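Accompanying notes for the structure given below.
The values are calculated or read from the model by the stated rules, or taken from the named source; none is laboratory data. This structure is a prediction, so every number in the text was calculated from the model and none was measured. Here the Cβ positions follow ideal geometry from the backbone for every residue, glycine too, while neighbour counts run over all protein chains shown. The accessibility values were calculated without ligands, DNA or RNA, using every heavy atom of the protein model including side chains. Shrake-Rupley method; radii C 1.70, N 1.55, O 1.52, S 1.80 Å.
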Amino acid sequence: MCICINQGEMEARDKQVLRSLRLDLCAEVLVDGLVLQYLYQEGILTENHVQEIKAQATGLRKTMLLLDILPSRGPKAFDAFLDSLQEFPWVREKLEKAREEAITELPADDGIAGIPPHVLNSSPSDRQISQLAQRLGPEWEPVVLSLGLSQTDIYRCKANHPHNVQSQMVEAFIRWRQRFGKEATFQSLHRGLRTAEADPSVLQHMLE
């Protein structure tokens, strides 16, 4: 019998690491087998989680769903995930290095200079999200992935607005804001833009 130990959320730093390496993890980690068994054994995943992940059609989708679930599975989830990667030591090493380098405050550059802390820690409004959508091109998809949305989210946004890319973007960023609540800030958006190698200066245009 598995006793679930989920207590609260994963640390913000660890969430940031998972977001920033999301595409690498999806490409390199096969979660079937040892990874899922270990996380279930340690009480990070419930039986329902395991079944839901196994039901995904491809290895990529399985890994993406696991990465969607982990941030809400408590402060021990990241360390347990590291321990589960015995078959992927290079991935574990990459995660550990990124965790060591993770910074809680971003340097004042790349479009973040001059933005007051209270603004950086606030969430963008609908109007500001609309302005962001006007500035972004095809890179919006890797940006929202780095912010923690899934390919399924992107698919739904496209299905809801098949002929309007800007509406797809607006819906995607509103989904991000709704899902992450107080964590959906200008600062985390800046981080997502940099991770996806998009132009972070669009933040300045959102605040004009």
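Computed values, structure above
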item	result
Crossing angle, helix 151-160 versus the chain [Cα axis fit, 0-90 degrees, rounded to tens]	50
Extent along principal axes [Cα atoms of segment 128-187; Å; largest to smallest]	31, 23, 17
Cross-link pairs Lys97/Lys158; Lys76/Lys158; Lys62/Lys97 - those with Cα-Cα distance over 30 Å	Lys97/Lys158; Lys76/Lys158
Using θ = phi - 60° and Karplus 6.51 cos²θ - 1.76 cosθ + 1.60, couplings along segment 166-183 (whole Hz; Gly, Pro as x)	5, 5, 4, 5, 4, 4, 4, 6, 5, 4, 4, 5, 5, 6, 9, x, 5, 7
The chain, accessible area per residue, ligands and nucleic acids excluded (1.4 Å, Å²)	52
5 angstrom amide H check on Leu149, placed H, neighbours 5+ away	none
For the chain, size of Cβ-based charge dipole, Lys and Arg +1, Asp and Glu -1, in debye	540
Rounded to the nearest 20 debye, dipole of segment 3-80 from Cβ charges on Lys, Arg, Asp, Glu	160
Contact order normalised by residue count of the chain, Cα under 8 Å, 6+ apart, percent	24
Cα radius of gyration and Dmax for segment 74-208 (Å)	16.2, 49
Helix 59-69 axis, angle to the chain major axis (alpha carbon atoms, nearest 10°)	80
Candidate aspartates and glutamates for bridging to Lys15, where Cα separation is under 14 Å - those fewer than 8 sequence places away on the same chain excluded	Asp68, Asp79, Glu96, Glu100, Glu101, Glu183
Ellipticity estimate at 222 nm from DSSP helix runs (n ≥ 4, -39,500 (n - 2.57)) divided over the chain, nearest 500	-17000 deg cm²/dmol
The chain, accessible surface, carbon-and-sulfur percent (1.4 angstrom probe)	49
Fully extended contour minus Cα-Cα distance, from Ala12 to Leu60, at 0.36 nm per residue	14.9 nm
Nearest-ten-degree value, helix 186-195 long axis tilted from longest Cα axis of the chain	70
In order through segment 199-208: 3J(HN,Hα) via Karplus (6.51 cos²θ - 1.76 cosθ + 1.60), integer Hz, x for Gly, Pro	7, x, 5, 4, 4, 4, 5, 5, 9, 6
Farthest positive-ward along the chain dipole, Cα basis, beta-carbon charges - from Leu18, Ala159, His190	Ala159
